[in-house]
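The values are calculated or read from the model by the stated rules, or taken from the named source; none is laboratory data. Here the structure is a predicted model, which is why all the values come from computation and not from measurement. Every residue, glycine among them, receives a Cβ derived from its backbone with ideal geometry; neighbour counts consider all protein chains shown. Heavy atoms of the whole protein, side chains included, go into the accessibility calculation; ligands, DNA and RNA do not. Shrake-Rupley method; radii C 1.70, N 1.55, O 1.52, S 1.80 Å.
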Amino acid sequence: MELLKQFKQTNWLKILAFYGIILTGTYFARKLPNVFSLVMSEITDVSFPFNYNHGLVTLAVALLFYAFDRQKQEITLLGDNKVKSLLFPAVLFICYSVYGINNSQGIDNHLWAAMFCGFALVYNIMEEYAWRGYLIESQSKMNYVFKSLLSGVLWAIWHLLIFENFNQYGGFWIFLVFCIIFSFLLTFAVIRTNSILAAAAIHAFIIQTNIVALICFVIFILLLVTWNKKIPKERKSDF
């Protein structure tokens, strides 16, 4: 009964419009040349495996809906604790930069890792403004489980416009399950911190599946579960 009440109180027409515009914009954005690659080719000969076209679409649509929505925006870039939110990208950069990432560009592995994390983080901020930002806030009446499920499903379907196939994941249905599970973590992150940056850094930690990703994951979980806990001040001696 409570879930039905929450369902009725949610503006599904607004969510449908939001998602429909993102899908339409993404479809046409993917037809355009890779703007990021074109810009970078004028600056350097280094090749970067990023396409920001669809990321810019999700960011623009999310910001547009935020601008015209009467609902107060709770989830922001840095969230409730601006300094603490910076720990998430700091963990990402430090762990991967120390470990390094192999590349065929002739760039130092540690420098390449830092550069790669930077470009990945920027892209993931664009995505998270939509999937764990506006989409989560527009479901303000729904519970955590439903928010995570819906965000994960819509996020996965959106990728049908991004990837040519899902062979590297073992097929679309496995990818769908992965997105749903991962969405529970990312949704928990923004609910806990109100920070897009925190979710974006967590989104980026699976740059590679190795020991570094595991270390980042453990640290991120520790940061989230201890987010609102304060270190007790040492009591003064009575003597």
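Brief remarks follow.
- When we screen Leu87, Leu64, Leu59, Leu92 for residues that are of a type outside the set (Gly, Ala, Ser), surrounded by fewer than 16 Cβ atoms within 10 Å (Cβ to Cβ) and at pLDDT 95 or above, the only hit is Leu64.
- The listed residue being open to solvent by 20 Å² or more (accessible area, probe 1.4 Å), touching a helix residue (DSSP H, G or I) at 6+ places or on another chain (Cβ under 9 Å), modelled with pLDDT of 95 or more and part of a helix (DSSP H, G or I), out of Leu149, Leu197: Leu149
- Inspection of the range 89-110 identifies at least one residue that is on the phi > 0 side of the Ramachandran plot and of a type outside the set (A, V, I, L, M).
- Complete set of residues in the range 154-176 that are more than 19 Å from Asn51 (Cβ to Cβ), assigned to a helix (DSSP H, G or I) and open to solvent by less than 80 Å² (accessible area, probe 1.4 Å): Leu154, Phe172, Leu176
- Residue that is least open to solvent (accessible area, probe 1.4 Å), among those in the range 2-40 that are among the aromatic types (Phe, Trp, Tyr) and closer than 20 Å to Leu154 by Cα: Phe18
- Given (1) within 30 Å of Ala213 (Cβ to Cβ); (2) touching a residue at least 60 places away in the same chain (Cβ under 8 Å); (3) of a type outside the set (Lys, Arg); (4) part of a helix (DSSP H, G or I), number of the condition Val46 does not satisfy: (4)
- None of Gly106, Gly118, Gly133 is at pLDDT below 95 and either open to solvent by 60 Å² or more (accessible area, probe 1.4 Å) or part of a helix (DSSP H, G or I) (or both) except Gly106.
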